[in-house]
Ligand SMILES: *Cc1c(COP(=O)(O)O)cnc(C)c1O
């Protein structure tokens, strides 16, 4: 069975070397005669694995010591609630640039409506989400507990290449571009990311938070497992963490370090995205409507000139070993996700297929 190129937006493709290693270790992890899934999270060997994975993530992103790193369950969507339940004390500002930041705002609004505080939309665009509103038009409150934004909108293919310059703590949903490009963690108060785009299997969520922000009180209604202070104090083992996903994330971190780290993978990511956007822009058959200043390196939505050809495109792509190119149900058309584990060869194969398809049907 050959490995196909999988362009899924998430759960997404993983490095083949990581899958091979997991397969090799599946029945007998570290010579203990069991799989890693079957050991206690409190055993010496597992705790060593957990500590190593955190150390590798800290190395990859140069995470300073005054930031806690949490390995939690529940997906990024749970953090849409976790952020206000932990950090909202008076007022918070949200920037809406696509489907995911809109969902984060809607979830925070539920808690505001229940009396937790006030949440306010500092900026938004029309529902097509093809641009990022200019920062000098944002209405940010100087007394806000935080400003929330999504650094890469997975559905709409809109990405921030620099963190917004605001005086209040910045909270970033980096689910689909964490570890894909260099960042300075110090620019952020809190970063969270579901694992299944660029880190590992679904079920694990990483939270990186400046310890200073944990000084205040979380809401009394915040579930303990969602309480950052409690989780930081118990090394993310207040209850059973998603142990296999944590293990696999550790293998991905190791793989990334072997690739030369985040800077090296960013160079590859830029080359992959440039090739695909060039192919789209050089044709009158394919179209991507996102403003060139904020086109995502990770998720590239595009449409065909004749949407009547969509099904044929997808069928033939699958036959050519190019999987999961169907666009999100909100946008239609196609979407190619080019996460770290997608090799350049996959994008070369995709662009050749696209050119060939255009020659035959365009
Ligand atoms: C996928 C995604 C989410 C939601 O992740 P879940 O794990 O399904 O909760 C949130 N934000 C962004 C940017 C995403 O890409």
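Please go through segment 83-103 and pick out each residue that is away from the ligand (no atom under 11 Å from the Cβ) and surrounded by 19 or more Cβ atoms within 10 Å (Cβ to Cβ). Result: 83, 84, 85, 86, 87, 88, 92, 93, 94, 95, 96.
Among the numbered conditions (1) closer than 30 Å to residue 20 by Cβ; (2) in contact with a strand residue (DSSP E or B) (Cβ under 8 Å, 6 or more places away or on another chain); (3) away from the ligand (no atom under 16 Å from the Cβ), tell me where residue 168 comes up short. All conditions pass for residue 168, except number (1).
Among residues of segment 68-82 being surrounded by fewer than 24 Cβ atoms within 10 Å (Cβ to Cβ) and part of a helix (DSSP H, G or I), the one that is farthest from the ligand (Cβ to nearest atom) is 81. Given the criteria modelled with pLDDT of 95 or more, more than 27 Å from residue 252 (Cα to Cα), assigned to a strand (DSSP E or B) and away from the ligand (no atom under 16 Å from the Cβ), does residue 122 qualify? Spelling it out, residue 122 is indeed modelled with pLDDT of 95 or more, more than 27 Å from residue 252 (Cα to Cα), assigned to a strand (DSSP E or B) and away from the ligand (no atom under 16 Å from the Cβ). Checking segment 327-339 against the condition returns no match, with no residue being assigned to a helix (DSSP H, G or I) and under 28 Å from residue 126 (Cβ atoms). From the list 155, 207, 185, 225, the lone residue that is closer than 27 Å to residue 256 by Cα, in contact (Cβ under 8 Å) with a residue 60 or more places away in the chain and surrounded by fewer than 19 Cβ atoms within 10 Å (Cβ to Cβ) is 185.
In this structure, is residue 155 assigned to a loop (DSSP other than H, G, I, E, B) and within 16 Å of the ligand (Cβ to nearest atom)? Yes: the conditions hold for residue 155.
Among the residues examined, residue 106 does not qualify as crowded, with 22+ Cβ neighbours inside 10 Å, at pLDDT 95 or above and in contact with a helix residue (DSSP H, G or I) (Cβ under 9 Å, 6 or more places away or on another chain). Which ones in segment 118-128 are touching a strand residue (DSSP E or B) at 6+ places or on another chain (Cβ under 8 Å) and surrounded by fewer than 19 Cβ atoms within 10 Å (Cβ to Cβ)? Within segment 118-128, 118, 120, 121, 124 meet the criteria. Looking at residue 110, is it within 30 Å of residue 251 (Cβ to Cβ) and not in a loop (DSSP other than H, G, I, E, B)? No: the conditions fail for residue 110.
What about residue 11, is it touching a residue at least 60 places away in the same chain (Cβ under 8 Å), within 16 Å of the ligand (Cβ to nearest atom) and surrounded by fewer than 17 Cβ atoms within 10 Å (Cβ to Cβ)? So residue 11 fits the description; yes. One residue stands out in segment 186-204 among those that are out of contact with any helix residue (DSSP H, G or I) (no Cβ under 6 Å at 6 or more places or on another chain) and not in a loop (DSSP other than H, G, I, E, B): the one that is nearest to the ligand (Cβ to nearest atom), namely 193. A single entry from 30, 24 fulfils the requirement of being touching a helix residue (DSSP H, G or I) at 6+ places or on another chain (Cβ under 7 Å) and without any contact (Cβ under 8 Å) to a residue 40 or more places away in the chain: 30. Identify all residues within segment 161-185 that are under 13 Å from the mean Cα position of the chain (by Cα) and assigned to a loop (DSSP other than H, G, I, E, B); write none if there are none. Within segment 161-185, 174, 175, 176, 177, 178, 179, 180, 181 meet the criteria.
The values are calculated or read from the model by the stated rules, or taken from the named source; none is laboratory data. As the structure is a prediction and not an experimental result, all values here were calculated from the model. Glycine also receives a Cβ, built like all others from the backbone with ideal geometry; neighbour counts cover every protein chain displayed.
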